[in-house]
Amino acid sequence: QVQLVESGGGLVRPGGSLGLSCAASGSIFSIYDKGWYRQAPGKQRELVALITRGGRINYANSVKGRFTISRDNAKNMVYLQMDSLKPEDTAVYYCNAATVNYSYWGQGTQVTVSS
């Protein structure tokens, strides 16, 4: 069992930056693949960035070059640094930890990009 709590969302102007954090508690965090997902109103939840337990990283094409995912297994943390934000990045952002058999979600944090 893993509990995830996101923080760091808020309102930012286009072109600005925001950093999200996800704190994990419970099971051994290092064995999980960790990802950030987002869901905008009226749209399906989509993968933003993924870091596997082996350290491989993937990004959605829409955020490549602007977002950076990182982790600190010793602190049970995963991060998402978001730069050059655009209005279309507005969504609720969710942290996820998953193995083949299990998938855990945080409660989400709102990110709004608007002038």
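The values are calculated or read from the model by the stated rules, or taken from the named source; none is laboratory data. Given the structure is predicted, the values throughout are model-derived calculations rather than measurements. When we count neighbours, we look across all protein chains shown, and the Cβ atoms used for this are built from the backbone with ideal geometry, even at glycine. Accessible surface areas use protein heavy atoms only, side chains included; no ligands, DNA or RNA. Shrake-Rupley method; radii C 1.70, N 1.55, O 1.52, S 1.80 Å.
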Debye intensity ratio I(q)/I(0), log10, the chain, q values 0.21 Å⁻¹ (C-alpha model): -1.13
Vicinal HN-Hα couplings computed from phi for the range 98-109 (Karplus, 6.51 cos²θ - 1.76 cosθ + 1.60; Hz; Gly/Pro x): 8, 10, 4, 9, 9, 8, 10, 10, x, 7, x, 9
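Specify whether the C-alpha gyration tensor of the range 47-103 places it in the rounded, prolate or oblate class, a ≥ b ≥ c being the square roots of the eigenvalues: rounded for a/c under 1.5, otherwise prolate if a/b is larger than b/c and oblate if not.
Numbers: a/c = 1.87, a/b = 1.66, b/c = 1.13.
Prolate.
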Within the range 1-40, backbone nitrogen closer than 16 Å to the virtual label 7 Å beyond the Cα of residue 115 toward Cβ: 12-17
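Which order do 82, 77 take by accessible area at a 1.4 Å probe, largest first?
On the way: 82 0, 77 35 Å².
Order by accessible area, largest first: 77, 82.
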Separation of the residue 101 and residue 52 label points, Cα + 7 Å toward Cβ, nm: 2.0
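On a 1.4 Å probe surface of the protein chains, which of 34, 75, 86 comes out largest in accessible area, and what is the full order?
Greatest to least solvent exposure: 75, 86, 34.
For 33, 89, what's the largest-to-smallest order of accessible area, 1.4 Å probe? Show your work: numbers first, answer last.
On the way: 33 55, 89 0 Å².
Reading off the accessible areas and sorting them downward yields 33, 89.
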Span from the the range 1-37 Cα centroid across to the the range 87-102 one, whole angstrom: 8
